[in-house]
Amino acid sequence: MNEFGGMSSDELRDLYRELILDHARKPRHFGKLESATHSAEGINPLCGDKLRLYLQVDAAGNIRDAAFEGSGCAISVASASLLTDSIIGLHERDALAKFEDVTSSLTASAGDVQRSIKLGKLRALEGVRQFPARVKCATLAWHALRSAINQQATPARTE
């Protein structure tokens, strides 16, 4: 079981607040990635969150670097920061699996324990389920990740 597997809901809620605030105030990998081979825009028209995710992917499909720029609410920025932290070094297929795990854990009515266990510190994002209107904020960067990997030209949307 991972580091958050045995946490109570109150402990998870506190961790959620702490991680979201930390990553929102000091986002990791923020800025344009000049060496990007893939990128995608993400837009959440309901609240105005907008970002661009950059990936540097090598010929074997490994994500060597990632960054993002844009503006949005604390949850959107924190989620993008956590995303970039978690995908550097992964193969594209593993990053897409992480996309599935994160978005499923945020949209499922009852948390899938196996998915939660695999999320590690990303499990803190599950706290957003208590605020259904904010789930789209938390998943925006993840939809942009899928679009970037699939090299889709149209902006990723949470609608």
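The values are calculated or read from the model by the stated rules, or taken from the named source; none is laboratory data. Small disclaimer: the values here were computed from a predicted structure and weren't measured. Every residue, glycine among them, receives a Cβ derived from its backbone with ideal geometry; neighbour counts consider all protein chains shown.
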State the number of residues belonging to segment 68-83 that are at pLDDT 95 or above, touching a strand residue (DSSP E or B) at 6+ places or on another chain (Cβ under 6 Å) and surrounded by 24 or more Cβ atoms within 10 Å (Cβ to Cβ). 2
Quick check on segment 86-100. Is at least one of its residues buried (at least 23 other Cβ atoms within 10 Å of the Cβ) and at pLDDT below 95? no
Scan of segment 1-57 for residues that are modelled with pLDDT of 90 or more, of a type in the set (A, V, I, L, M), touching a Leu at 6+ places or on another chain (Cβ under 9 Å) and crowded, with 19+ Cβ neighbours inside 10 Å, ordered by number: Leu33, Ala40, Ile43, Leu51, Leu53, Leu55
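Each row is one residue, and each column tells you yes or no for (1) out of contact with any strand residue (DSSP E or B) (no Cβ under 7 Å at 6 or more places or on another chain); (2) within 15 Å of Ser105 (Cβ to Cβ); (3) outside any helix (DSSP H, G or I); (4) not acidic (Asp, Glu).
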{"residue": "Gly120", "(1), (2), (3), (4)": "yes, yes, no, yes"}
{"residue": "Arg123", "(1), (2), (3), (4)": "yes, yes, no, yes"}
{"residue": "Gly127", "(1), (2), (3), (4)": "yes, yes, no, yes"}
{"residue": "Ala133", "(1), (2), (3), (4)": "yes, no, no, yes"}
{"residue": "Lys136", "(1), (2), (3), (4)": "no, yes, no, yes"}
{"residue": "Thr139", "(1), (2), (3), (4)": "yes, yes, no, yes"}
{"residue": "Ala144", "(1), (2), (3), (4)": "no, no, no, yes"}
{"residue": "Ser147", "(1), (2), (3), (4)": "no, no, no, yes"}
{"residue": "Ala153", "(1), (2), (3), (4)": "yes, no, yes, yes"}
Between residues in segment 132-159 that are among the charged types (D, E, K, R) and residues that are assigned to a helix (DSSP H, G or I), which pairs lie under 6 Å by C-beta distance while being six or more apart or on different chains? Arg134/Ile75; Arg134/Val128; Arg146/Phe99
Taking Asn62 as the residue in question, decide whether it is modelled with pLDDT under 95 and surrounded by 12 or more Cβ atoms within 10 Å (Cβ to Cβ). no
Answer with yes or no whether Ala148 is buried (at least 23 other Cβ atoms within 10 Å of the Cβ), in contact with a His (Cβ under 8 Å, 6 or more places away or on another chain) and either more than 20 Å from His23 (Cα to Cα) or among the aromatic types (Phe, Trp, Tyr) (or both). yes
Answer with yes or no whether Ser104 is of a type outside the set (D, E, K, R), within 13 Å of the chain's Cα centre (by Cα), under 21 Å from Arg134 (Cα atoms) and surrounded by fewer than 22 Cβ atoms within 10 Å (Cβ to Cβ). yes
